[in-house]
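S.K.: Take this structure, written in structure tokens, and hold onto it; I'll ask about it next.
The numbers here are math on the coordinates, done by the rules we state, and not lab data. Every value quoted in this text rests on a predicted model; they were computed, and no experiment measured them. Virtual Cβ from ideal backbone geometry, glycine too; neighbours counted across all protein chains shown.
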Amino acid sequence: MKFKKKIAASIAACLIAAGAMSASANELPFKDIKADDFYIEPLKKFLKFDYVKGFDDNTFRPYQNVNRAQAASFVARTMGLDLENVKDPGFKDVPKQYGDVPNPHYGAIAKLTELGVFDKGKYFKPGEEITRAEMAKILVKAYELEAPTLKRFSDVPENDENYSYIGTIGSLGITVNEGLFKPNDGVGRAHLITFIARTIDLKRSDDKEDYWDTLKGWDDNEDSNENNKENNNDNGNNQENGDQGGNEQVDDYIQLEVLKKEIEFHITDLRDARKEVEKQLEKLNDVKKDIGDIKEIEEEIQYLKKQIDKKKSEKEKEEKRKEVDKQKIRDIERKIDELEDELEELEDLIEEYEIQKNKLSQALKNLDSIMNNAEKILQTAKEKYQKELDQTIISFAYDINRAKRDHASAYAKTFDKDYYEELGKKTKKDLEKVIDKGKKVLKSNVSLNELKSKLIDLNEAIMKAEDAYDSMKDAGVDLKTLENELKDLIKTARSLSNDIEKEIDKKEDNREDYFKAELKDAIDELEDAIKELERAVKDKKGVTKARGNVSDAIEDAEKVLKNYRDSGLKSLQKYEDQLKDLIKKGNDLFKSSKELQ
């Protein structure tokens, strides 16, 4: 409670101090940024217009991924919207306040939902990190972007629901990626403000007069002081709202509260979904009791169809005779009618069974979806708030495991041998692929991150295989050979998982070697990208693609540099300085080559 009161009281202090934290073109008020960072110009603009503040530990946290609530606030602040007079968006997980603390993202979420940027629904999922694909959709819908053509990326097929949004921001140069868009990757704070800044530049350069044309001082040669006051007042973000300039200072507390609410809602949803599965399974069992053996009915239906065809054939032959026996034809027709009535009754029974089976299937899909979301939230809680949410996490994990058991049990009682045979074969094939990849990384001298990534993939595949194996056992179907093969494969996968964990321990014990390799790889990658762009500039050919590669290489290098600094090591200063120089060189070349695209 003391912490709540302290946070609530600090909001006003943060807001009063807002002006003090604004930066001029030459000031960098955050300790975790440098003058040559790729996002420095967008950040200066965002600071100038109070679109961003930072955290109370004097950090900007450029590579921290943005969640849906934060993305809403980032976008809404730059649109000159009234965030006070908003309609309730109706999301169960977006309250106006968390205890005594105002929700700093409520106004932005409500207004953008009202404008159609976000879809209405039961939940908003404010704590869920946005992907690059979702970011593209938000930008296109919020800023009403249009492009004459769509840029294509090899990892975004035409049938992807976000294809047009991604193609639009690619065509307009809001993203400079070439080849791969990486739609499922997260979006860091630095990248989001860069994308938004490019969007605003685009809106200011078009022939439509709008809010962004009023931003005097957006460009370096304009006087911004007087207009900043007007823009801040027009945004409707007063102190009571809690959205002014983006209170990242209280965002850590808000994220904990958001997570608590999400866990609370998902526990309720899991229990409701389990009850619905239980209800639909009971109804299906009642239908089964009423109609008897399904296979026998299906066999009877096939028999009746053959008899009907046979009788129809008899009728046709009788009608072709020279001397037609009308009484015999009437008898055949009567028999056909009887058979068709009997067939219709049986088909109605099967239809009733299929309808109920589909209802159960939908209930199971809903439970499966809730379980998947719940597991993501549980993982976040474990990684970030294990200490604060210890008992909550235990309770949440218990509900998830109960839901899994109910889910597996219901599946086992619903489907037939063919289903489980297909499930077993697919699971076995998927696990074999992951095992093969795991064995390859053990033999190769890969990075620690790649080892950890393969371990996560392997453990997830093991869990899925164990669930499939348990379902096959519970179903009681005669698939002993396949069950044993899957059991042996799971054993092999567990052994491999242990081997990878040991290798990770070895690498982590020797962090200096690890970071030396990481720094050298980043240096090599960035050097190659810079040389490629220099050649492209000289030849005036392929500049856009080469700039994209430099941008990606700088991003990777920044992450390696950050990880190295966070490790506390000081013994690799030579490589650190070399990478810093290359990043500066890459940024300078990236800027100077812009007009040659």
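S.K.: Please turn the phi angles of region 206-215 into ³J(HN,Hα) values with the Karplus equation 6.51 cos²θ - 1.76 cosθ + 1.60 (θ = phi - 60°), one per residue in order, whole Hz, x for glycine and proline.
M.R.: For region 206-215, the Karplus curve yields 7, 9, 9, 8, 8, 3, 5, 6, 8, 7 Hz.
S.K.: Between residue 502 and residue 295, what is the spin-label point distance in nm, taking each point 7 Å from the Cα along the Cα→C-beta axis?
M.R.: About 4.7 nm separates the two model spin labels.
S.K.: Further, regarding this structure: Can you tell me the order of 302-313, 73-84 when each peptide is scored by its average per-residue count of other Cβ atoms within 10 angstrom, highest first? Numbers along the way, then the final one.
M.R.: On the way: 302-313: 14.2, 73-84: 22.3.
Ranked by mean Cβ neighbours within 10 Å, highest first: 73-84, 302-313.
S.K.: Using only the alpha-carbon atoms, what does the chain span along each of its principal axes? Please give whole angstrom values in decreasing order.
M.R.: Projected onto its principal axes, the Cα set of the chain covers 106, 63, 58 Å.
S.K.: Identify the residues of region 281-300 with backbone N under 19 Å of a label point that sits 7 angstrom from the Cα of residue 355 along the Cα-to-Cβ direction, or state none.
M.R.: Counting backbone N atoms under 19 Å from the label point, the list is 281-292, 294, 298.
S.K.: Please go through the residue pairs 34/516; 538/585; 34/585 and name each one whose alpha carbons sit more than 18 Å apart in this structure.
M.R.: Values: 34/516 22 Å; 538/585 16 Å; 34/585 14 Å.
Pairs exceeding 18 Å: 34/516.
S.K.: Then there is this: Let's test the formula: R0 of 22 Å, r as the Cβ-Cβ distance of residue 285 and residue 426. What FRET efficiency results, to the nearest 0.05? Walk me through the intermediate numbers first.
M.R.: Working: r = 27 Å, r/R0 = 1.24.
Result of the calculation: an efficiency of 0.20.
S.K.: If r is the Cβ-Cβ distance from residue 418 to residue 323 and R0 is 60 Å, what FRET efficiency results, to the nearest 0.05?
M.R.: It comes to 0.70.
S.K.: Let me ask something else. Determine the gain in length on full extension of the stretch residue 362-residue 338; use 0.36 nm per residue of separation and subtract their C-alpha separation, reporting nm with one decimal. Mind dumping the intermediate values first?
M.R.: Working: separation 24, 0.36 × 24 = 8.64 nm, distance 3.62 nm.
So the chain would gain 5.0 nm between residue 362 and residue 338.
S.K.: Follow-up. Cα axis of helix 543-567 to longest principal axis of the chain: angle in degrees, 0 to 90, nearest 10?
M.R.: Compared with the principal axis, the helix lies near 80 degrees.
S.K.: Something else about it: Can you tell me the length gained on complete extension of the stretch residue 219 to residue 524, counting 0.36 nm per residue apart and subtracting the Cα distance?
M.R.: Taking residue 219 through residue 524 to full extension adds about 106.3 nm, to one decimal.
S.K.: Using alpha carbons only, how many angstrom separate the centre of region 142-203 from the centre of region 77-124?
M.R.: Result: 24 Å between the Cα centres.
S.K.: Take the Cβ-Cβ distance between residue 382 and residue 402 as r, set R0 to 22 Å, and report the resulting FRET efficiency rounded to the nearest 0.05. Walk me through the numbers on the way to the answer.
M.R.: On the way: r = 18 Å, r/R0 = 0.83.
In this case the efficiency is close to 0.75.
S.K.: Taking the Cα centre as origin and putting +1 on Lys and Arg beta-carbons and -1 on Asp and Glu beta-carbons, what dipole magnitude results for the chain, to the nearest 20 debye? Provide the component values of the computation, followed by the final result.
M.R.: On the way: 110 positive and 132 negative charges, 249 e Å.
For the chain, the charge dipole is close to 1200 debye.
S.K.: Among the listed pairs 387/559; 44/182; 506/531; 452/574, which are separated by more than 31 Å between their Cα atoms? All intermediate terms of the calculation are to be shown ahead of the outcome.
M.R.: Numbers: 387/559 27 Å; 44/182 27 Å; 506/531 35 Å; 452/574 27 Å.
The pairs that break the limit, which is 31 Å between Cα atoms, are 506/531.
S.K.: Name the residue from 449, 364, 97 whose Cα lies farthest towards the positive end of the charge dipole of the chain, charges +1 on Cβ of Lys and Arg and -1 on Cβ of Asp and Glu.
M.R.: 449
S.K.: Measuring from a point 7 Å past the Cα of residue 450 along Cα-to-C-beta, which residues in region 557-595 have an amide N at less than 14 Å?
M.R.: Flagged as within label range: none.
S.K.: Here's a follow-up. Mind checking which lysines have their C-alpha under 17 Å from residue 320, skipping anything on the same chain fewer than 8 residues away?
M.R.: 310, 311, 312, 328
S.K.: Give the dimensionless ratio obtained when the Cα radius of gyration of region 63-205 is divided by 2.2 N^0.38 Å. If you can, show how the numbers build up before the last one.
M.R.: Values: Rg = 15.2 Å, N = 143, 2.2 N^0.38 = 14.5 Å.
Dividing the Cα radius of gyration by 2.2 N^0.38 Å gives 1.05.
S.K.: Once both axes come from the Cα atoms, what is the angle between helix 225-234 and the longest principal axis of the chain, in degrees from 0 to 90, rounded to 10?
M.R.: Once rounded, one gets 30 degrees.
S.K.: Now, a different point. In percent, what relative contact order does the chain have, based on Cα pairs under 8 Å that are 6 or more apart in sequence?
M.R.: Details: 657 pairs, mean separation 76.8, N = 597.
Reported as a whole number, the value is 13 percent.
S.K.: Another question about this same structure. Kindly state, as a whole number, the per residue volume in cubic angstrom of the convex hull around the alpha carbon atoms of region 397-552. Can you show the working numbers first?
M.R.: Details: hull volume 27.2 nm³, N = 156.
Residue-normalised Cα hull volume stands at 174 Å³.
S.K.: Mean residue ellipticity at 222 nm from the helices of the chain, using -39,500 (n - 2.57) per DSSP H segment of n ≥ 4 over the full residue count, to the nearest 500 deg cm²/dmol? Walk me through the intermediate numbers first.
M.R.: On the way: 19 runs with 404 residues, N = 597.
That comes out to -23500 deg cm²/dmol.
S.K.: Quick one: what are the phi-derived ³J(HN,Hα) couplings along region 130-136, Karplus 6.51/-1.76/1.60 with θ = phi - 60°, whole Hz, x for glycine and proline?
M.R.: Rounded to whole hertz, the list is 7, 9, 5, 5, 5, 4, 4.
S.K.: Could you work out how far helix 417-443 tilts from the main Cα principal axis of the chain, as a 0 to 90 degree angle to the nearest 10?
M.R.: The answer is roughly 30 degrees.
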